[in-house]
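Read through the structure below, which is laid out as structure tokens, and then see the notes.
The values are calculated or read from the model by the stated rules, or taken from the named source; none is laboratory data. Bear in mind that the values here come from a model prediction, so they are computed numbers and not experimental data. All Cβ positions, even for glycine, are placed from backbone atoms using ideal geometry, and neighbour counts span all protein chains on display.
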Amino acid sequence: EAFSANLLEWTEAQRIDVAVLYDARSSPSLIATPLLLEDLFLIERPSENGVQDDKPVMLADLAGRECVLPGQENGLRRVLDSACAAEGVRPRVVTEVDCVAALKQLVERGVGTTVLPFGAVHREVKDGKLRARPFASSAMRALLVIATPSNKPVTPLVRAMIRIIEKEVERHVPLDVLRGTTRNLDGTALKSPRAVLPADSPRARGYS
């Protein structure tokens, strides 16, 4: 388990055969297949008086909140920064931590709020430790992809693993463990920028 920036680097270097990550950049050494267009949420402590505001969060609200966020190289952070820049918003970042578990602990302790997909906090939300509020902005969605090295053949084992991952994502969306969509509104498959395969790539030669 690691943040997307690390997984991307390891996949491109062929240190790992397959990775599930966010915001994969177009690269000749990487093939990214879309899994889920995942909604992002503002993660905060439950209200102490028991009164919960379930209204969608405006990005402008982040300027007045203390935020604990992953570093700027993280895929989710890039989605947030891009959405905020489009609206002229600068989040008030008090600390950056590249660890999901640490981000959740900091929010639970009242250090600040963070931004994560629902799947990262569904247990804590169910247990009443955290609450997840949706954003009003449609830009607050991150594309989750399966990434594999383009210069390395996909083995039967890796192909089987990919099928398992796809089935698990499809299964957990209706269970409300993950929140997002696996298809476009018109029913077509999600799209992701694909790398141009080098001529000598095993895939370009049809070996996978």
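Things worth noting here:
- In the set (1) more than 16 Å from the chain's Cα centre (by Cα); (2) free of Cβ contacts under 8 Å to residues at least 60 places away in the same chain, the condition left unmet by His172 is number (1).
- When we screen Leu103, Leu80, Leu178 for residues that are surrounded by 20 or more Cβ atoms within 10 Å (Cβ to Cβ), in contact with a His (Cβ under 9 Å, 6 or more places away or on another chain), modelled with pLDDT of 90 or more and aliphatic (A, V, I, L, M), the only hit is Leu178.
- Taking the criterion of being within 27 Å of Ala85 (Cα to Cα) and not hydrophobic (A, V, I, L, M, F, W, C), the residues of region 131-158 that qualify are Arg131, Arg133, Pro134, Ser137, Ser138, Arg141.
- Residue among Val107, Val93, Val111 that is in a loop (DSSP other than H, G, I, E, B), among the β-branched types (Val, Ile, Thr), farther than 23 Å from Ile16 by Cβ and out of contact with any helix residue (DSSP H, G or I) (no Cβ under 8 Å at 6 or more places or on another chain): Val111
- Matching option when the condition is touching a helix residue (DSSP H, G or I) at 6+ places or on another chain (Cβ under 8 Å), part of a helix (DSSP H, G or I) and under 23 Å from Ser4 (Cβ atoms), among Glu124, Glu73: Glu124
- Assessment of region 141-152 against the conditions (in a strand (DSSP E or B) and more than 23 Å from Val79 (Cβ to Cβ)) yields at least one matching residue.
- Within this structure, Ile162 fails the test of being at pLDDT below 95, surrounded by 14 or more Cβ atoms within 10 Å (Cβ to Cβ), under 22 Å from Gln72 (Cα atoms) and within 21 Å of the chain's Cα centre (by Cα).
- Residue count for region 131-156, restricted to those that are surrounded by fewer than 21 Cβ atoms within 10 Å (Cβ to Cβ), more than 21 Å from the chain's Cα centre (by Cα) and in contact (Cβ under 8 Å) with a residue 24 or more places away in the chain: 5
- Unique match (being more than 30 Å from Lys152 (Cα to Cα), at pLDDT below 95 and within 15 Å of the chain's Cα centre (by Cα)) among Pro34, Pro91, Pro70, Pro56: Pro70
- Condition met for Leu197 (surrounded by 10 or more Cβ atoms within 10 Å (Cβ to Cβ), modelled with pLDDT under 70 and either closer than 17 Å to Leu144 by Cβ or out of contact with any helix residue (DSSP H, G or I) (no Cβ under 6 Å at 6 or more places or on another chain) (or both)): yes
- The listed residues are Leu116, Leu37, and the only one of them that is touching a Phe, Trp or Tyr at 6+ places or on another chain (Cβ under 7 Å), assigned to a strand (DSSP E or B), aliphatic (A, V, I, L, M) and surrounded by 15 or more Cβ atoms within 10 Å (Cβ to Cβ) turns out to be Leu116.
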